[in-house]
């Protein structure tokens, strides 16, 4: 009996030993005014809200009748009050912002009172996925707040929030959200499995999770969709997908996902289906244009002069006449310049960034044409291609697209148009082999599923969306039962 | 990653192919052939290049060379050119009168064999030497563009029947049909005009039609065509008729070919007082008569020359199994013709 | 040894058979089959295409019957008829056939590139790159191979429209009079056509990979029908576009026809067409590599990955030796003959054997 006591003391000491080095570690003792019980409060001053101690905890503990540790549940007006006898929890609880209460008479029991200081940024507008119409709230860094935003949009009991704590150092809480009655059980298990398998010390953002649980981490394509829009998350949860909320990250992850989803903006659902379909097609065209146009320029000018219409020939030849660089170097030079501008713009404060963009775009562009380093035709092409790459609604995908241009350039230089098709085959194969949570990434294009096309390259009206996507293999594939079709009416009836 | 880099490097080093960077090559845009004066060489070729100025105006450059084969000519030209010569941009090929009379088969074969030469190249004959024709200064957009557009719009809206390298080769190889080519003439140093149609037997030019017959020729040769013709009426008034749509229909019976031509046209110009209904009727009648007469004359002329640019032989073959072209050649000499024409004037412009 | 059934996640939906069969049938042959069939039957050859197409339907039906009876691919069928050892020995020939088939396609395509685009492109290095791409595809499994077939058919489908330009310069009188040739000539042309339409026989190799094989039969027939129609229409347009003597000189008639295409932004289309053809022959090569490596796996019981490397290495080591038009032609001729023997002689024989074996086995059971 005595031995055990000593052992516990040693343990007790151990956590205290390292914590006591920190300036914000506080341990204070008080006497209850009525019963004269001596109790101590231990906490990390920087993590807790002092107001809760001053107004909520101390007055009650000092002035009310407080005899044993069980009493605090009645005395303290805080929801999260726990009592336990496991000393190994102490360290974690303290570092999570709890106040530990010890009573001299009951050394084996510890009371924990939640008193976290919540520093929450106010809701702001979505910046990456801004939309003109539709809701204007975006996620913030606090998980509680984010969950609140999602729950408000899906107030049903079937929305399950499972919590994990990952990261040996960061102890990040991560929540997995799904609809119990819809989402495929296999998918849920896979995500759960992958999350528990994560081995990393400090997870500071959801992008870590993206890279850690992706099917193929060597792919330039993001295989989890991240969004900062609560409405989008609510929408996809209703479709039967899974959302992952990471504490400290304003981006929520969505899985499984498909390639076409990266090119659909959530704003598409706020517009009439004709308009949104048109915009989606424009975006897809922009992507193809952005990837292919510079390589095609290089291929045609280096190898296939026959292809160029005779009226365009003079323009191209005169614009290239003074340029010492072969088309490929010319293209690389301009592409890298654009990347430089983008990178510089992204690192600088908004106002300076804008200036740099304009200065870089106009001054460097014109100057390099005048200096005879690049042709003005290519300048137009590269600028348009860069512009087109920014039309992708998902920022990560835009980055991927800009990167893809370079292998295409390489093959265009190597084998001209043939090389471009060759590289396209490589890309296609890569996409075909790619999976998101084990589901084909290219769906519904391949494997071809006509019924899933309703919300892919185009978006059909909501009446046509009565079924959930097949590839999610949902438990309940019907979204709403279609009303029995009304009898067709003749004109003026 | 290492493997990938290695793969790319290896490909780049060993898989590379010869480049033809657009501003480092000399693109042949047109070529003219004459017979060489020296009988040792067969052809004298004049190759036309374009040089673009910074203000986008075009300087025409021509290089001439002699040789037995088309490739010899190119070799000769390459010797004079500052950059490698490529043939993929060729738009026009002109044959001088002596070449077209001696036979153009070798050159056509060479064009067909060369993968870089397109099918829409316009082939034409010239009235004078092809070298002279090439060496003019026509228009501001370069000689080749000038000649190309000249022929193209005349095919589309005027009296040259459909033609290009493919049609030439098609007709040449088609039994029971002989090829024809438009004929150009250099009028002055800055002007070229269409001079007529060269008629070929096999690959040799045997005759040419003047411009005034081209309207009728086109009606006979092209299944659908557009064209212009002036009709003279009894009192000396003139009416310019533009045929909007025309359609011909050839029926071959045993030893007789009957050709039906239907024209839908409009009157563009009239020199008389009033374009009354009866005048329109008269215009129609006169035009019909004129077309029937002229077409018959042309057909007779072809028969005498022993050529068949319309493809009557092919028409006949398509109606008859086990057709014998040898026998046809004899039959053609005694073939009877009749031409029926039906003109319909649909509009007369915005005044009466 | 009991054969393991293919797990469902590796199987393909029945309708994908449509793309597999069609993409295997449409390959390098489309570029120049018109001349070969017109050599015998002149401009009546389109009738031969339809006739061959009809024959192909019969063979497809037989293949499905075989598959249904033995419940597996050709190795199972052989085992069913002649027992394990001899059956595997026969399959050995097919491994060779598909390697040579693969070699022929790649080499012929490179020839087209060399003649039309890059005369100095290195045969070895291009096929090296191509093989790496194929290995990457085949390593993705059968589903990726089928995906290649799907995209190899759907994406270049627009090329069909480009032949529309040729119609403007066509003369359909060329085709008349119909039936100007004897039955014998038509049959010879049919034989030559069978080389272009071959490729559907791969069904017998991937039969166990189809989810509901019975349901896929109609798709296979539809694929054969569509291919036949495409070949017929293209042949008719070609015949109308070229005069007969002119066609007899065109090695790649389809490519020559592209020369007439002119769009506002593209002066000459054949270069784009040839580049696109890369996508069309890709499934041809990938499927034959997959079939060869699968056979290697079934016969020798080794991992399929090893088989894939073996096939690619075999193709690469031989390809540099096939360097002239004459050799390439010869290769094509032999492969054609082998293909004909395999599809139109061997499969009916196998069909008969399987039927007899089935009867015998039934008798024994009684």
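The values are calculated or read from the model by the stated rules, or taken from the named source; none is laboratory data. The structure presented is a predicted model; accordingly, all values stated were derived computationally and were not measured. No Cβ is skipped: glycine too gets one built from the backbone with ideal geometry, and neighbour counts run over all protein chains shown.
Could you say which residue among A:481, A:466, A:436 is at pLDDT below 90 and crowded, with 23+ Cβ neighbours inside 10 Å?
The match here is A:436.
For segment B:22-35, give me each residue that is within 14 Å of chain C (Cβ to nearest Cβ) and farther than 13 Å from residue B:91 by Cβ.
Correct list: B:22 only.
Working carefully through the options A:292, A:307, find the one that is within 9 Å of another protein chain (Cβ to nearest Cβ) and buried (at least 19 other Cβ atoms within 10 Å of the Cβ).
The unique qualifying residue is A:307.
Identify all residues within segment C:262-274 that are touching a residue at least 24 places away in the same chain (Cβ under 8 Å), more than 9 Å from chain B (Cβ to nearest Cβ) and in a loop (DSSP other than H, G, I, E, B); write none if there are none.
Of everything in segment C:262-274, just one residue is touching a residue at least 24 places away in the same chain (Cβ under 8 Å), more than 9 Å from chain B (Cβ to nearest Cβ) and in a loop (DSSP other than H, G, I, E, B), namely C:269.
So, residue B:193, is that one closer than 27 Å to residue B:303 by Cα, not assigned by TED's automatic domain parsing to the domain that holds residue B:274 and not in a helix (DSSP H, G or I) or not?
No, not satisfied.
Go through (1) over 23 Å from residue A:299 (Cβ atoms); (2) under 22 Å from the mean Cα position of the chain (by Cα); (3) more than 14 Å from chain B (Cβ to nearest Cβ); (4) surrounded by fewer than 23 Cβ atoms within 10 Å (Cβ to Cβ) for residue C:305 and report which single condition fails.
Condition (2) is where residue C:305 drops out.
Which residue out of B:310, B:291, B:259, B:351 is within 22 Å of residue B:161 (Cα to Cα), assigned to a loop (DSSP other than H, G, I, E, B) and outside the structural domain of residue B:157 (by TED's automatic domain parsing)?
Only one candidate passes the filter, namely B:310.
Output the helices (runs of 4 or more DSSP H) that fall wholly within segment A:27-97 and possess 2 or more residues being free of Cβ contacts under 8 Å to residues at least 24 places away in the same chain and either more than 30 Å from residue A:170 (Cα to Cα) or touching a strand residue (DSSP E or B) at 6+ places or on another chain (Cβ under 9 Å) (or both), or say none.
Helices (runs of 4 or more DSSP H) meeting the threshold: A:58-63, A:72-75.
Out of curiosity, is residue B:115 free of Cβ contacts under 8 Å to residues at least 40 places away in the same chain, crowded, with 16+ Cβ neighbours inside 10 Å and within 14 Å of chain A (Cβ to nearest Cβ)?
In short, yes.
Of the conditions (1) more than 24 Å from the chain's Cα centre (by Cα); (2) under 18 Å from residue A:276 (Cα atoms); (3) within 14 Å of another protein chain (Cβ to nearest Cβ), residue A:445 satisfies every one except a single condition; which number is it?
(2)
Counting only residues that are part of a helix (DSSP H, G or I) and touching a residue at least 40 places away in the same chain (Cβ under 8 Å), which one in segment A:338-372 is surrounded by the most Cβ atoms within 10 Å (Cβ to Cβ)?
Taking the candidates together, the pick is A:338.
Here's a check for you: in segment B:302-314, which residue that is surrounded by 19 or more Cβ atoms within 10 Å (Cβ to Cβ) and on the phi < 0 side of the Ramachandran plot is nearest to the other protein chains (Cβ to nearest Cβ)?
Residue satisfying both the conditions and the ranking: B:314.
Which of the residues spanning segment A:315-326 are surrounded by 19 or more Cβ atoms within 10 Å (Cβ to Cβ) and either in contact with a strand residue (DSSP E or B) (Cβ under 6 Å, 6 or more places away or on another chain) or facing chain B (nearest Cβ under 7 Å) (or both)?
The answer is A:316, A:317, A:318, A:320.
Among (1) surrounded by fewer than 17 Cβ atoms within 10 Å (Cβ to Cβ); (2) within 19 Å of residue C:206 (Cα to Cα), there is one condition residue C:144 misses while meeting the rest; what is its number?
Looking at each condition in turn, residue C:144 falls short on (1).
Looking at B:218, B:235, which one is at negative phi and part of a helix (DSSP H, G or I)?
Every option except B:218 fails the conditions.
Quick one: residue A:174 ticks every box in (1) touching a residue at least 40 places away in the same chain (Cβ under 8 Å); (2) within 23 Å of residue A:472 (Cα to Cα); (3) assigned to a loop (DSSP other than H, G, I, E, B) bar one, so which box is it?
For residue A:174, the failing item is (3).
Identify the single condition in (1) modelled with pLDDT of 90 or more; (2) surrounded by fewer than 18 Cβ atoms within 10 Å (Cβ to Cβ); (3) more than 14 Å from chain C (Cβ to nearest Cβ) that residue A:405 does not satisfy, given that it satisfies every other one.
(2)
Would you confirm whether or not segment C:237-257 contains a residue that is within 23 Å of the chain's Cα centre (by Cα), surrounded by 24 or more Cβ atoms within 10 Å (Cβ to Cβ), in a helix (DSSP H, G or I) and facing chain B (nearest Cβ under 10 Å)?
Yes, some residue in segment C:237-257 is within 23 Å of the chain's Cα centre (by Cα), surrounded by 24 or more Cβ atoms within 10 Å (Cβ to Cβ), in a helix (DSSP H, G or I) and facing chain B (nearest Cβ under 10 Å).
Report yes if some residue within segment A:366-382 is within 14 Å of chain B (Cβ to nearest Cβ), under 30 Å from residue C:267 (Cα atoms) and in contact with a strand residue (DSSP E or B) (Cβ under 9 Å, 6 or more places away or on another chain); otherwise report no.
no
Determine, yes or no, whether residue A:410 is touching a helix residue (DSSP H, G or I) at 6+ places or on another chain (Cβ under 9 Å), assigned to a helix (DSSP H, G or I) and within 14 Å of chain C (Cβ to nearest Cβ).
yes
Hey, among the residues in segment C:172-223 that are within 13 Å of another protein chain (Cβ to nearest Cβ) and not in a helix (DSSP H, G or I), which one's surrounded by the most Cβ atoms within 10 Å (Cβ to Cβ)?
C:181
What do you reckon, is residue A:329 within 27 Å of residue B:26 (Cβ to Cβ), outside any helix (DSSP H, G or I) and modelled with pLDDT of 85 or more?
Criteria not met by residue A:329.
Out of the residues in segment B:209-256 that are more than 25 Å from the chain's Cα centre (by Cα) and either buried (at least 20 other Cβ atoms within 10 Å of the Cβ) or outside the structural domain of residue B:349 (by TED's automatic domain parsing) (or both), which is farthest from residue B:292 (Cα to Cα)?
B:239
Give me the residue from segment B:164-206 that is out of contact with any strand residue (DSSP E or B) (no Cβ under 7 Å at 6 or more places or on another chain), more than 30 Å from residue B:140 (Cα to Cα) and more than 14 Å from every other protein chain (Cβ to nearest Cβ) and, out of that set, surrounded by the fewest Cβ atoms within 10 Å (Cβ to Cβ).
B:204
Need the failing condition index for residue C:85 against (1) buried (at least 19 other Cβ atoms within 10 Å of the Cβ); (2) in a helix (DSSP H, G or I), just the number.
Tallying (1) buried (at least 19 other Cβ atoms within 10 Å of the Cβ); (2) in a helix (DSSP H, G or I), residue C:85 fails exactly one: (1).
Restricting the search to segment C:114-147, which residues are within 9 Å of chain B (Cβ to nearest Cβ) and assigned to a helix (DSSP H, G or I)?
C:115, C:116, C:124, C:125, C:126, C:128, C:129, C:132
Considering B:122, B:63, B:52, which residue is in contact with a strand residue (DSSP E or B) (Cβ under 8 Å, 6 or more places away or on another chain), farther than 23 Å from residue B:155 by Cα and within 13 Å of chain A (Cβ to nearest Cβ)?
B:52
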